[in-house]
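Undergrad: The structure is given below, and queries will be raised subsequently.
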Amino acid sequence: MFKRVLVANRGEIACRILRTLRAQGIASVAVYHHEDRNAPHLQLADEAVRLEADVPTAAYLDQAQIIAAARATQAEAIHPGYGFLSENAAFAERVTLAGCTFIGPDAAVMRLMGDKIRARSFAAEQGVPVAPSLIEQDPARLVARAAEVGLPLLIKAAAGGGGKGMRIVRRAQELTESVQLASQEAQRYFGDGRVYAERFIERPRHIEVQLLADGRGNVVHLFERECSLQRRYQKIIEESPAPNLPASLRASICDAAVRLASAARYRNAGTVEFMLAPDGQFYFLEMNTRLQVEHPVTEAVLRLDLVAAQLRIAAGGSLPFTQADLEPRGHAIECRICAEEPQHDFRPATGRIGILRVPELPRTRFDGGIRAGQAVTPAFDSMLAKLIAHGDSRAAAAQTLAAALHELVLLGVPSNIDYLQRVLRHPRFLAGELHTGFLSEHAAQLAAPGAPLESAAATLAGLLADEDFRRVAYDVPEPHASIGAWRN
Amino acid sequence: MRILESAVRTGDAEFRRRYTHNKALAQQLKSRQQAARHTRPARDLERLASQGKLLPRQRLERLLDPGTPFLELSSLAANMAYGGEAPGASCITGIGVVAGREVIVHADDPSVKGGAWYPLTIKKIVRALDIAIENRLPVVHLCDSAGGQLQLQSQLFPDRYMAGRIFRNQCVLSKLNVQQLALVFGHCTAGGAYVPALSDYNVIVRGTGAVFLGGPPLVKAATGEVVSADELGGCDLHTRRSGTCDYPARDEQEALEIGRDIVAQWTRPPKWRTPEAAAEPPLLDADELYGIIPADIKQTFDMREVIARVVDGSRFHEYKPDYGTTLVCGFAHLWGYRVGILANNGILFNDSAIKGAHFIELCNQNDTPLLFLQNITGYMVGREYEAAGITKDGAKMIMAQTCSHVPKLTLMCHGSFGAGNYGMCGRAFDGRLLFSWPNHQIAVMGGEQAAGTLAEVKLRQLARTGAAAEPAAIERLRTDTLKAYEEQTSAYYSTSELWDDGILDPVDTRNALGVALSAAVNAPAGIPGNGVFRF
Amino acid sequence: MGYRVETDGVKAEAQILGRRPQLAVRLGERVHRVLAASAGEGEFDLTVDGVRYRGWRCASGDEVHVRLNGRTYRVRLERRGADQGGASEQEEVRASMPGVVVAVHCASGAHVEAGEKLLTLESMKLQMTVVASHAATIARLHVAPGAVFERGALLVSFAPRKESES
């Protein structure tokens, strides 16, 4: 096992990884940009190395500095978390070349799965269902052949993800322009303008399968997660298991994922994402060769620590369990708490976290990378924390999570906490009628409720926080205060 | 302290008759005040609106702390002067609370003749500043005046207590470390320019505020220079170049906000006295006062009935109850403050005069403010009483009262005639505040008495010359005298001339005296000591 | 003085009516009796019209964010701008004391916004920066770096502004 590990990330995932390192008695190194100098992840590490960069996010993308930090601190391994360099094959290679272990799969697989077009082909070769699609280098030919797939079409970036460079085309006359714009956007965001077209599935569900592989051909799946509740193509509520999923379908999906990972000779943790159509057909979307944001729901139903498993595998160990050992129990739901204003189209917000009080309810888990007094700036992603609840049933988990959100106090920067509560209490959510358009479909009902009864009390609480108002209210002497508003 | 019991029977005919009469007087007071405060020619209101100005009472309401009392002084000043063209004497004065601080407010009223200063305006402002000095109350001036009323200049400029006294008072206040703030909303011309200049702080509104010793017309007449009011003495000139003004404000609202913030910075020195007990409302209803006050000026009533409806818990500790019974003396609490009350239950005799003098001494010994409730037709006259030394005894009471070092408040509850006014702290005796009820009358002697005396004098005169006394002429003399007296003895005449600080609706007495007392105890007590008592 | 307050987009006027026996505040159309108990940092304990409310509040810019019974409210007190009387529009910049021009940050004919740097001057071993008091167009720069000037010297002229309707 490693004696010292460097965590090349920040925020909640860095804190989460560092917690496991500490629990395992492994020395830890954190890296940070000056903007993050008061961030909680520094406190959770045994030592911290400052990275220099003009733009804060650039620091966490600076491969040379990070590797140098690992060498300087004699860290034996680097955990990349998610985002940043976690799916950067070149970085994985450089780490290895530098004599460190990259906690994740090898570079070749990262490259394969990072190229969406190659990944699709590979999946199809393994008998994993893929959505009818069109791979054409030439945009004009892409447009011409669109009819082969049929409308509606989804134009996607080959090198992309996270919803960028994606466009839905419903009418043939929009096709040429959409392909052009998608390609330009892909070029801008990913430096690669290649696009491909896929049949667009209406009201799809996003189902993904967590995998662990030891690199020696042993792959286990850790069952599925449902991540259909998205806004701006980003997940905000995830759960495991997926509700209302027939056992046979679950089995097919999970087996398909294992098949893919096996064929790729995958090592360490990864997730295969699928689109599930209303007719029961499922199609490969992509594979993420890293730990995902929503991994805690899997950990909750399987009662295990994925990061610990990652460390073990990266250190050369075998899988800590067999497929038969894995028995999911109950239901877990996670929600992502983001600094944004749902009522203004989820516009990201900034501010300073004045008050943070995390409730300590049983069977809940709060994964945050924030502390009271911390500034929330546009420098970093708007996700502040995750709140996870586990219950014996889906309804119980939803109720526990909503209750935890109710008790959570995070003030100073606008957030989606109240919005998330409304989603968790929505009857259609509770019925499990999920699809990726859920939040748009029910947007009107999920928007803020009408003037609530307690608005007056809240307003008065706000007014009394103002020093000037307080002075006028309380600083009037007697007998004037008792005489009141009298005129002669 | 004993709870006063009332002997009043609210059901009986006399009570109801008096009630109707006094209620009507109160109603009349309210209507006259309403008219004086709010009735203005539309032209003047339009002019102010077009200048983007707030009305002075709007400025006042925004200046004062919300939900606090404002004791307005002399609302009906000049109501019987200048043909009624200057209601309120074109200014508003009073005691209010700003940023938790008791202050005197003086606001020019530009809706009355552009806020011009009449002789009675000057008298009212000087009085407000005298009150500020005597009670150590900070002052907020809301300046907006066209300047002195030139046609009446001889009555407002040259003498000791005329316009100059305003500025003299400002300096004295400043020397006493009592703060003054001026908010310049309009013009401050000639002498008026000294109001902001002599204030410790001032704020000026851009566009409408201007301060200059000579306005544009005067400048043009004097030197031929043509210049606008703003160029001559506006906001930018005075806040950036001359330094005459401290804070620029982009509009009246901002000026008021800045003003409140300035007052909030002022330290509050400790008061000479603080309430000794928690305040309690009286047990008896003040509304019954309407039924207690007689309709006839010659009639008396038991002042204890008034005291019971004004003081805390209707509790009163009567001093020397069996001696000098025409003067009720005793201690009570008013809004928690202990006060010594002297109240007339008839004319003053030797014993009541000496009792009064002694009680005043006790209050001075006890650091207790004095409250005089007047209903006095005078001292007893006649040979027996002169022989007993009524003049000396009256003099002792006047000496004790005048030499008091504790604050004094006076309320004219009914009549105030002759020398009785003196002993009971009339206007000349430096009470901190003096109020009257609408039924109040004041004169050197009663109208009937005066008419009778003059008729008698005329008859004797005619008898000496041997001329015949024409009954009709004598009767005319009588009625003419009565008529003149009727006009000049009324509370409205008195208040018009600023012989009092305002007429109160009897039911407002407790609140008014509470604000007054709280204001009065801001000042340290005077120097103890008496002159010579003629024993 | 009334307070204009906006809670989650709903505006109301708050006015203190009285203080005894409890603080009475009119909010919009209704009058509320308020009793505030002391609470910890960030916490509040209010009884409004006899009902007890406990929660958290924290200032954020010109808003107060209030967390009450599982809901977050954003309360904004409307404040007048801290304009200190509003800038009056001057058409020229003159030197308030003698000195030398260290640097020029603008050019003739350029449009500048309020707060933009115009010149850096040095007097009495102290450097000062002159900024534009309002948005304007520079008609003429009367000095160049290195220029020595007296008190009252004309440094910058602005183009006259057109009368705007207000």
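Undergrad: In vacuum, with every alpha carbon of segment C:2-79 counted as one equal point scatterer, what does the Debye formula give for log10 I(q)/I(0) at q = 0.23, 0.26 Å⁻¹? Two decimals, please.
TA: -1.31, -1.41
Undergrad: For the pair C and B, how large is the buried accessible area, both sides, in square angstrom to the nearest 100, if the probe is 1.4 Å?
TA: Values: alone 12010 and 23330 Å², together 34010 Å².
About 1300 Å² of accessible surface is lost on pairing.
Undergrad: In this model, which of B:LYS123/B:LYS408; B:LYS123/B:LYS458; B:LYS30/C:LYS11 are farther than 26 Å apart at the alpha-carbon?
TA: Over 26 Å Cα-Cα: B:LYS123/B:LYS458; B:LYS30/C:LYS11.
Undergrad: Once you order the gyration tensor axes a ≥ b ≥ c over the Cα atoms, which shape class does chain A get: rounded for a/c under 1.5, otherwise prolate or oblate by comparing a/b with b/c?
TA: prolate
Undergrad: Please state the shape class of segment B:448-535: rounded when a/c is under 1.5, otherwise prolate if a/b exceeds b/c and oblate if not, all from the C-alpha gyration tensor.
TA: In terms of gyration-tensor shape, oblate.
Undergrad: Give the relative contact order (percent, whole number) for segment A:132-199; include only Cα pairs under 8 Å separated by 6+ residues.
TA: After rounding, I find 43 percent.
Undergrad: Can I ask one more? For A:LYS164, list the lysines whose Cα falls under 16 Å from its own Cα; do not include residues on the same chain fewer than 8 positions away.
TA: By straight Cα distance, A:LYS164 reaches A:LYS116, A:LYS156, A:LYS235.
Undergrad: Still on this model: Taking only protein heavy atoms into account and a 1.4 Å probe, give the accessible area per residue of segment A:303-391 in Å².
TA: On the way: 3870 Å² over 89 residues.
Spelled out: the 1.4 Å probe surface of segment A:303-391, per residue, equals 43 Å².
Undergrad: Given the C-alpha centroids of segment A:191-244 and segment B:166-209, what is the distance between them in whole angstrom?
TA: Cα centroid to Cα centroid, the span is 76 Å.
Undergrad: While we're on this one: Ignoring everything but the protein chains, give the 1.4 Å probe accessible area of A:HIS442 in square angstrom, nearest 10.
TA: 20
Undergrad: Determine the shielding of peptide C:7-16 by partner chains: average, over its residues, the number of Cβ atoms on other chains within 10 angstrom of each Cβ.
TA: 5
Undergrad: May I pose another question? Just to confirm the filter: which trypsin sites (Lys or Arg not before Pro) across segment A:132-182 are DSSP coil and have at most 12 other Cβ within 10 angstrom of their Cβ?
TA: Taking segment A:132-182 and a limit of 12 other Cβ atoms within 10 Å, the loop trypsin sites (Lys or Arg not before Pro) found are A:ARG170, A:ARG171.
Undergrad: Something else: Run the quick spin-label model on B:GLU384 and A:GLU327: label points 7 Å from Cα toward the beta carbon, then report their separation in nm to one decimal.
TA: With each label point 7 Å from Cα toward Cβ, the separation is 11.9 nm.
Undergrad: Which angle from 0 to 90°, rounded to the nearest 10, does the C-alpha axis of helix B:13-38 make with the longest principal axis of chain B?
TA: Compared with the principal axis, the helix lies near 20 degrees.
Undergrad: Now a separate question. Which of the listed residues, B:ALA428, B:LEU477, B:ASN439, is farthest toward the dipole's positive end in segment B:419-500, when Lys, Arg count +1 and Asp, Glu count -1 at the beta-carbon?
TA: Selected residue: B:LEU477.
Undergrad: Counting partner chain Cβ atoms within 10 Å of every residue's Cβ in B:271-281, what's the average?
TA: 1
Undergrad: Nearest 100 Å² is fine: how much accessible area is buried between C and A, summed over both sides, with a 1.4 Å probe?
TA: In total, this chain pair buries about 3500 Å².
Undergrad: Which residues does the label zone of A:ASN38 cover in segment A:405-427, counting backbone N under 18 Å from a point 7 Å along Cα→Cβ?
TA: So the set is A:410-414.
Undergrad: Could you please tell me the mean projected area of the C-alpha convex hull for segment A:27-112, averaged over all directions and given in square nanometres to one decimal?
TA: 5.4
Undergrad: How high is the relative contact order of chain B, given as a whole-number percent (alpha carbon pairs under 8 Å, six or more residues apart)? Mind showing how you got there, number by number?
TA: On the way: 1103 pairs, mean separation 75.9, N = 535.
It comes to 14 percent, rounded to a whole number.
Undergrad: Within 13 Å, Cβ to Cβ, of B:LYS271, how many net charges do the neighbouring residues add up to if Lys/Arg are +1 and Asp/Glu are -1?
TA: Net local charge, B:LYS271 excluded: 0.
Undergrad: Of the listed peptides A:475-486, C:8-19, what is their order by residue-averaged count of other C-beta atoms within 10 Å, with the highest listed first?
TA: Final packing ranking: A:475-486, C:8-19.
Undergrad: For segment C:105-166, which trypsin sites (Lys or Arg not before Pro) are both in a DSSP coil and crowded by at most 10 other Cβ atoms within 10 Å?
TA: Answer in residue order: C:LYS125, C:LYS162.
Undergrad: A further question follows. Just to confirm the number: angle between the C-alpha axis of helix B:471-489 and the first principal axis of chain B, 0 to 90 degrees, nearest 10?
TA: 50
Undergrad: Relative contact order for chain A: what percent, with Cα pairs under 8 Å and sequence separation of 6 or more?
TA: Numbers: 987 pairs, mean separation 65.5, N = 488.
That works out to 13 percent.
Undergrad: Taking the Kirkwood radius as the inverse of the mean 1/r across Cα pairs, report the Rg/Rh of segment B:46-154.
TA: Computed over Cα atoms, the ratio is 0.97.
Undergrad: What number do you get for chain B when its Cα radius of gyration is normalised by 2.2 N^0.38 Å, N = residues? Don't skip to the answer; put the middle values down first.
TA: Working: Rg = 25.1 Å, N = 535, 2.2 N^0.38 = 23.9 Å.
Normalised by 2.2 N^0.38 Å, the Cα Rg of chain B equals 1.05.
Undergrad: Residues with beta-carbon under 11 Å from that of B:ASP322, excluding B:ASP322: net charge, scoring Lys, Arg +1 and Asp, Glu -1?
TA: 0
Undergrad: To continue, here is another question. Could you size up the charge dipole of the protein assembly as shown around its Cα centre, putting +1 on the beta carbon of Lys and Arg and -1 on that of Asp and Glu, and report it in debye to the nearest 20?
TA: Numbers: 133 positive and 134 negative charges, 108 e Å.
Dipole size: approximately 520 debye.
Undergrad: So what's the back-of-envelope 222 nm ellipticity for the protein assembly as shown, counting only DSSP H runs of four-plus at -39500 (n - 2.57) apiece and dividing by all residues, rounded to 500?
TA: Values: 41 runs with 391 residues, N = 1189.
It comes out at -9500 deg cm²/dmol, rounded to the nearest 500.
Undergrad: Could you pull out the longest piece of chain A with no exposed loop GluC sites (Glu not before Pro) in it, calling a site exposed if DSSP puts it outside H, G, I, E, B and it has at most 12 other Cβ atoms within 10 Å? List each step's numbers first, then the result.
TA: Details: sites that count: A:GLU52, A:GLU202, A:GLU360.
My reading of the result: A:203-359 is the longest stretch.
Undergrad: Quick check: the angle from helix B:509-520's long axis to the longest principal axis of chain B, C-alpha only, nearest 10 degrees?
TA: Rounded to the nearest ten degrees, it is 60.
Undergrad: Something else about it: Over segment B:113-155, what portion of Cα pair distances is larger than 15 Å, expressed as a whole percent?
TA: Numbers: 435 of 903 pairs.
Counting every Cα pair in segment B:113-155, those more than 15 Å apart make up 48 percent.
Undergrad: For segment B:138-242, which chymotrypsin sites (Phe, Trp or Tyr not before Pro) are in a loop by DSSP, counting at most 14 other Cβ atoms within 10 Å?
TA: Details: sites: B:TYR161, B:PHE167, B:PHE185, B:TYR194, B:TYR201, B:PHE212; in loops: B:TYR161, B:PHE185.
Answer by residue number: B:TYR161.
Undergrad: Now for a different question. For A:ARG19, project a label point 7 Å along Cα to C-beta. Then give me every residue of segment A:82-98 with its amide nitrogen under 17 Å of that point.
TA: Counting backbone N atoms under 17 Å from the label point, the list is A:82.
Undergrad: Right, another one. By the scheme Lys and Arg +1, Asp and Glu -1, what is the net charge of all other residues having a beta-carbon under 12 Å from that of B:TYR493?
TA: -4
Undergrad: Determine, at each q value in 0.19, 0.20, 0.24 (inverse angstroms), the log₁₀ of I(q)/I(0) that the Debye formula gives when each Cα of segment C:92-158 is one equal point scatterer.
TA: Each listed q corresponds, in turn, to -0.64, -0.71, -1.02.
Undergrad: Between the alpha-carbon centers of segment B:227-280 and segment B:1-73, tell me the distance in whole angstrom.
TA: Distance between centres, Cα-based: 28 Å.
Undergrad: Using a probe radius of 1.4 Å on protein heavy atoms only, what is the accessible area buried between chains B and A, both sides summed, to the nearest 100 Å²?
TA: When B and A are taken together, about 1800 Å² of accessible area is lost.
Undergrad: Would you please state the base-10 log of I(q)/I(0) at q = 0.18, 0.19 1/Å for chain C, with intensities from the Debye formula using one equal scatterer on every alpha carbon?
TA: -1.09, -1.20
Undergrad: Between segment A:425-488 and segment B:475-506, what is the separation of their alpha carbon centroids in Å?
TA: Centre-to-centre distance over Cα atoms comes out at 58 Å.
Undergrad: Against the empirical 2.2 N^0.38 Å scaling, what ratio does the C-alpha Rg of the protein assembly as shown come to? Each step should come with its number before you reach the end.
TA: Numbers: Rg = 43.3 Å, N = 1189, 2.2 N^0.38 = 32.4 Å.
Here the Cα radius of gyration is 1.34 times the empirical estimate.
Undergrad: Using a 10 Å cut-off around each Cβ of peptide A:350-359, what is the average number of partner chain Cβ atoms that fall inside?
TA: Across the residues of A:350-359, the mean count of other-chain Cβ atoms within 10 Å is 4.
Undergrad: Rounded to the nearest 0.05, what FRET efficiency do C:GLU13 and B:VAL226 give with R0 = 30 Å and r taken as the Cβ-Cβ distance? Could you check?
TA: Step by step, r from the Cβ atoms, then E = 0.05.
The values are calculated or read from the model by the stated rules, or taken from the named source; none is laboratory data. These figures come from a predicted structure and were not determined experimentally. Glycine gets a Cβ as well: all are built from the backbone with ideal geometry, and neighbour counts include every protein chain shown. Note: areas computed on protein heavy atoms with side chains; ligands, DNA, RNA excluded. Shrake-Rupley method; radii C 1.70, N 1.55, O 1.52, S 1.80 Å.
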